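Taking it in order: structure first as structure tokens, then the write-up.
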Amino acid sequence: MRGLSFLALWFAHAGASIAAFLWYFTVSSSRFDGHRFSSAALRLSSLACDVLWFPLAKPLTSVVQWPGSLGWLPVGLNSALWVIALALALRWRLSNRRPHKSAP
């Protein structure tokens with residue numbers, strides 16, 4: 001069951017990361033085609049992309065030119081890092097939970 005929940009969270013984060021990138025790409029490139037998008041939409045899409053691509057995908061894609069489909073590898077690694085961090089945080093939180101004192 002843990003493997004399925006890991007995959008579900010991984011797909012959710014990776015999908016959200018890719019959707020944020022596509023949204024940012026659409027909004028930013030549409031300005032050059034003469035379409036009008038608000039600057040708020042551009043800022044919001046940029047923020048969503050920055051947050052979801054933090055901490056691994058953004059530096060890896062800016063430093064290394066990944067050929068073809070390998071360009072999505074940093075996104076997958078970043079999503080795996082987020083899911084592992086979430087699992088460790090939940091495990092730590094559950095292990096540090098104090099039992100409630102029962103009333104006499």
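The values are calculated or read from the model by the stated rules, or taken from the named source; none is laboratory data. Values in this document were obtained by computation on a predicted structure and should not be read as measured data. Virtual Cβ from ideal backbone geometry, glycine too; neighbours counted across all protein chains shown. These area figures cover heavy atoms from the full protein model, side chains too; ligands, DNA and RNA do not enter into them. Shrake-Rupley method; radii C 1.70, N 1.55, O 1.52, S 1.80 Å.
The numbered conditions (1) without any contact (Cβ under 8 Å) to a residue 60 or more places away in the chain; (2) in contact with a Ser or Thr (Cβ under 9 Å, 6 or more places away or on another chain) are all true for Asn96 except (2). For the condition modelled with pLDDT under 90, among the charged types (D, E, K, R) and part of a helix (DSSP H, G or I), Arg98 does not qualify. Is the range 20-37 home to any residue that is over 17 Å from the mean Cα position of the chain (by Cα) and at pLDDT 90 or above? No, the range 20-37 contains no residue that is over 17 Å from the mean Cα position of the chain (by Cα) and at pLDDT 90 or above. Is it the case that some residue within the range 25-43 is over 24 Å from Gly3 (Cβ atoms), in contact with a Lys or Arg (Cβ under 7 Å, 6 or more places away or on another chain) and either charged (D, E, K, R) or open to solvent by 90 Å² or more (accessible area, probe 1.4 Å) (or both)? Taking every residue of the range 25-43 in turn, at least one turns out to be over 24 Å from Gly3 (Cβ atoms), in contact with a Lys or Arg (Cβ under 7 Å, 6 or more places away or on another chain) and either charged (D, E, K, R) or open to solvent by 90 Å² or more (accessible area, probe 1.4 Å) (or both).
Contact map, the range 47-73: first residue within 20 Å of Ile84 (Cα to Cα) and open to solvent by 60 Å² or more (accessible area, probe 1.4 Å), second residue assigned to a helix (DSSP H, G or I) and at pLDDT below 85, Cβ cut-off under 9 Å, separation 6 or more or different chains; pairs are Asp50/Lys58.
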